[in-house]
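The values are calculated or read from the model by the stated rules, or taken from the named source; none is laboratory data. Please read all numbers here as calculations on a predicted model, not as lab measurements. A quick note on method: Cβ atoms are made from the backbone with ideal geometry, for glycine too, and the neighbour counts reach across all protein chains shown. What goes into the accessible areas is simple: the full protein's heavy atoms, side chains included, and nothing from ligands, DNA or RNA. Shrake-Rupley method; radii C 1.70, N 1.55, O 1.52, S 1.80 Å.
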Amino acid sequence: MPRKLLRRWLPDRDTLNRNAFLRRCAPFLTHHNLWHLNRHSVSGGLAVGLACGMIPGPLQMLTATVLSILFRVNLPVAIFGTFFSNPFTIVPLYLAAFGLGRLITGANGGPAHIPPAPETDWANLAGTVQAWLDWMVTLGTPLAIGIVVLALLLALAGYGAVQLGWRLHVRHALHCRRQRRATAGM
């Protein structure tokens, strides 16, 4: 991935230091891999973000932040990686996780009819989290196993895609540089 493109979108360390809340957390945010744009840090950050995107409720970004600090991967990319799950995509993702869980467990059980997903009420966040937990409990073990497996598969796919894309970009840039040098030498 081109660093210049990512640097335009991501906040820098000075921007975060101006934030009063984040200034208190500064000791945890000092490792260079949390902010550097290199192949390993960005791919790890995306893997953490994709895995945390499958966490139900509003805890996705907080969990992505904690895991990126623990694994020392790019923090902004990890947070950005959680955005793939939103109110429009979460139901299809959970249905896919439920199907994957049923496939893995071999369970034909569970509810014969999948109940509709609950509405998100931002004014009553505790009630919303409880409604989502109740919905997931009705789906049972296949959903729980499916969410974990799907999160791991998404993380592996994201990590591999960034690694491969980064390598292809570097090879292409080196090829173009060699061609420019060969043309300039003539």
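Gly127 satisfies every condition listed in (1) over 28 Å from Val170 (Cα atoms); (2) open to solvent by 40 Å² or more (accessible area, probe 1.4 Å) except (2).
Among the residues making up the stretch 41-76, those that are within 21 Å of Leu29 (Cβ to Cβ) and under 8 Å from the mean Cα position of the chain (by Cα) are Gly45, Leu46, Ala47, Val48, Gly49, Ala51, Cys52, Ala64. With respect to the conditions (1) at pLDDT 90 or above; (2) open to solvent by 40 Å² or more (accessible area, probe 1.4 Å), Gly45 lacks only one, and its number is (2).
For the condition modelled with pLDDT under 90 and over 19 Å from the mean Cα position of the chain (by Cα), Arg23 qualifies. Could you please let me know if Val77 is of a type in the set (A, V, I, L, M, F, W, C), within 30 Å of His32 (Cβ to Cβ), surrounded by 14 or more Cβ atoms within 10 Å (Cβ to Cβ) and modelled with pLDDT of 90 or more? Yes; evaluated as a whole, the condition is true for this residue. Among the residues that make up the stretch 104-122, is at least one of them modelled with pLDDT of 80 or more, within 15 Å of Leu150 (Cα to Cα), in contact with a helix residue (DSSP H, G or I) (Cβ under 8 Å, 6 or more places away or on another chain) and surrounded by 15 or more Cβ atoms within 10 Å (Cβ to Cβ)? Yes, the stretch 104-122 contains a residue that is modelled with pLDDT of 80 or more, within 15 Å of Leu150 (Cα to Cα), in contact with a helix residue (DSSP H, G or I) (Cβ under 8 Å, 6 or more places away or on another chain) and surrounded by 15 or more Cβ atoms within 10 Å (Cβ to Cβ). Condition check for Met54 on (1) modelled with pLDDT of 90 or more; (2) hydrophobic (A, V, I, L, M, F, W, C); (3) part of a helix (DSSP H, G or I): one failure, at (3). The set of residues in the stretch 134-186 being loosely packed, with under 11 Cβ neighbours inside 10 Å and small (Gly, Ala, Ser) consists of Ala182, Ala184, Gly185. Might you check whether a residue that is over 21 Å from the mean Cα position of the chain (by Cα) and farther than 16 Å from Ile55 by Cβ occurs anywhere in the stretch 142-164? So far as the stretch 142-164 goes, yes, one or more of its residues are over 21 Å from the mean Cα position of the chain (by Cα) and farther than 16 Å from Ile55 by Cβ.
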